[in-house]
Amino acid sequence: MLSDQVRQKLAADLAQAERSKVPISPLTDAHPDIDVVDAYEIQLINIRQRVAEGAKVIGHKVGLSSKAMQQMMNVDEPDYGHLLDDMAVHEDTPVKSADYLYPRVEVEVGFILADDLPGEGCTEDDVLAATAAFAPAIELIDTRITDWKIKLCDTIADNASSAGWVLGENRVSPKDIDITAIDAVLTRNGEVVAKGRSDAVLGNPVTAVAWLARKVDSFGVRLKAGDIVLPGSCTKAFDATPGAEYVADFAGLGSVHLSFE
């Protein structure tokens, strides 16, 4: 467990790395005693600061939601980060790769909530009942840690490596599609680079959202009506290099695209 002073210092280091585009060494190297509670508190320090400066929390993302990623990180549950309005990127505006350190894209089925979710005890049925629609999504991830050399507490402290997000225009009611069986295809400049299915996310993306609602409740946070939730990627992440145009097509859900310059 770290002191409040150390948590504040590490949060400031991460914030400065994001502003300056100069990465820092893993927090876990200098502070091997850091734990998950420390890491979430560091994340929250920076989120509260950005909100104080005018940003608005409009949702959350779940990371490490595939068994393969959990095994790689040697953990048995996902992690989460915040989505802020100033992190939004847009289909019709190319993203400047130079605005990030090591940007990558992930393919996700986005949730748009119509109602608040309960915290402790939230179930999959609660999530489905509260979801207004699913939407095709791409998450832009990044790390402020040198060369993606991260451990669990590094990524949690760094807002679960979240940097941006975009939703496609289409919206589909949970009543009209099987959320566990949405096939996804990702192309880069017209070439297929990945195929996946929505159940790569914990067997069911709804499971990830229910976990998230329970988890954030322990930190005094709730998922609310209007929130966007990204439950995790259907495929591995891909580098977002200048000149790349990514299109994610979801069977029955529509598509979303994002280009980089």
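So here's what we get for this one:
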| quantity | calculated |
| --- | --- |
| Residues satisfying the stated conditions in the range 229-261, i.e. surrounded by 19 or more Cβ atoms within 10 Å (Cβ to Cβ) and at positive phi | Gly232 |
| Test set (1) under 26 Å from Val37 (Cβ atoms); (2) open to solvent by 20 Å² or more (accessible area, probe 1.4 Å); (3) touching a strand residue (DSSP E or B) at 6+ places or on another chain (Cβ under 7 Å) - Gly226 fails condition number | (1) |
| Members of the range 157-179 found to be open to solvent by less than 40 Å² (accessible area, probe 1.4 Å), of a type outside the set (Gly, Ala, Ser) and more than 19 Å from Asp86 (Cα to Cα), listed by number | Val172, Pro174, Ile177, Ile179 |
| Subset of the range 58-71 that is farther than 10 Å from Leu83 by Cβ and in a strand (DSSP E or B) - its residue that is modelled with the highest pLDDT | Val62 |
| Residue in the range 138-156 that is over 30 Å from Thr28 (Cβ atoms), open to solvent by less than 50 Å² (accessible area, probe 1.4 Å) and under 18 Å from the mean Cα position of the chain (by Cα) present | no |
| Qualifying residue in the range 163-183 (condition: in a strand (DSSP E or B) and of a type outside the set (A, V, I, L, M, F, W, C)) | yes |
| Residue ranges of helices (runs of 4 or more DSSP H) in the range 1-57 with at least 2 members under 25 Å from Asp86 (Cα atoms) and more than 20 Å from the chain's Cα centre (by Cα) | 4-20 |
| Candidates Glu53, Glu77 - the one that is among the acidic types (Asp, Glu), under 19 Å from Leu212 (Cα atoms) and open to solvent by 40 Å² or more (accessible area, probe 1.4 Å) | Glu77 |
| Count - residues of the range 121-149 that are farther than 19 Å from Met87 by Cβ, β-branched (Val, Ile, Thr) and in a loop (DSSP other than H, G, I, E, B) | 1 |
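The values are calculated or read from the model by the stated rules, or taken from the named source; none is laboratory data. Treat the numbers as computed from the prediction; the structure is a model and nothing was measured. Positions of Cβ are backbone-derived with ideal geometry, glycine not excepted, and every protein chain shown enters the neighbour counts. The area values use the complete protein model at the heavy-atom level, side chains included, leaving out ligands, DNA and RNA. Shrake-Rupley method; radii C 1.70, N 1.55, O 1.52, S 1.80 Å.
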